[in-house]
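Below is one structure, written out as C-alpha cells, with a few remarks after it.
Each value in this text was obtained by applying a stated rule to the coordinates, not by laboratory testing. It should be emphasised that the depicted structure is a prediction, and the values quoted were computed from it without experimental measurement. Here the Cβ positions follow ideal geometry from the backbone for every residue, glycine too, while neighbour counts run over all protein chains shown.
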Amino acid sequence: MDLLTAISVRLSKWVLVVACVCLAVLGGVVIYGVVLRYVFNDSQSYVEQVALLMVISVAMFGAAAGVRDAGHIGLDSVVRLLPARAQRWVSGIVDVLVFAFAALLLWGSLHMAESTGHDTIPTLGISEAFRYLPPIVASVLIGLFCVERLLKLVLRPNDD
C-alpha cells in the first residue's frame, strides 16, 4: 500500500506539471495566433489544432491530478452530515463510479484512436490518434488513483 501511495503521489505531481506546461503552451500558442492574425494579418493554420491538443491535455491531465488529490468537483455538504461509516461508504461508491468512468474513457479513447489512426491532422501532419493519447494516459492514471483510494479505504478505514 505504501509503495502504491508513493508511486501515485509522484505520478500525480508529474501529471500536474505536464498539465501546467500544456497550459503555458496553450497560452503562448493562442497569443501567438492572435498577434499573427490581428497585428500581421497572417494567420497560421496549425495554431488552432495545437491549441485544441493542449486544451485536451490540460483537461485530462488536470482531471487525473484532481482525482488523486480528491480535488474534483464534489457536492458533499449532505455527505458531511452523515456518520463516519456512511461517509466512507459514499466515498467508496464515488471511487467505484469514477473508476467505471475511467474504464469507459479508456475503452472509448482506445477505440477512437484505433479508428482514426489512419487519418492525419492536415495542418500538423500527425495521426488523428494523437488526440486520444491524453485521455488514454489520464484514464489509466484515474483508474490507478481510484484503486489507491479504494485500497486505503478498505485497508486503513480510520485514516482521513
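Annotations for the structure displayed:
- Principal-axis tilt of helix 46-68 within the chain, Cα atoms, nearest 10 degrees: 10 degrees
- Top positive-direction residue, dipole computed over the range 2-155 with Cβ charges, set Gln49, Ala24, Leu82: Leu82
- Residues with amide H under 5 Å from that of Ile126, placed H, sequence gap 5 or more: Ile121
- Given R0 = 30 Å, the distance between the Cβ atoms of Leu124 and Leu153 translates into a calculated FRET efficiency of 0.10.
- Entry for P(r) over Cα pairs in 5 Å bins from 0, in percent (calculated from the structure that is shown) out of [x] 2, 8, 17, 22, 21, 14, 9, 5, 2, 0; [y] 1, 9, 14, 16, 16, 13, 10, 8, 5, 4, 2, 1, 0; [z] 1, 8, 14, 13, 10, 7, 7, 9, 10, 9, 6, 3, 1, 0, 0: [y]
- Pair Val34, Thr116: separation of 7 Å Cα→Cβ label points (nm): 2.6 nm
- Restricting the range 1-92 to chymotrypsin sites (Phe, Trp or Tyr not before Pro) that sit in a DSSP loop and have at most 15 other Cβ atoms within 10 Å of their own Cβ leaves Phe40.
- Simple point charges give the picture: +1 on the Cβ of Lys and Arg, -1 on the Cβ of Asp and Glu, and for the range 2-155 a dipole about the Cα centre of about 600 debye.
- MRE, 222 nm, helices only [DSSP H, n ≥ 4, -39500 (n - 2.57), over the chain, to nearest 500]: -26000 deg cm²/dmol
- Nearest-ten-degree value, helix 133-155 long axis tilted from longest Cα axis of the chain: 10 degrees
- Gain on full extension, evaluated as 0.36 nm per residue between Val78 and Trp14 minus their Cα-Cα distance, stands at 19.7 nm.
- From phi via Karplus (6.51, -1.76, 1.60), per-residue ³J(HN,Hα) for the range 92-98 in Hz, x at Gly/Pro: x, 5, 4, 5, 5, 5, 5
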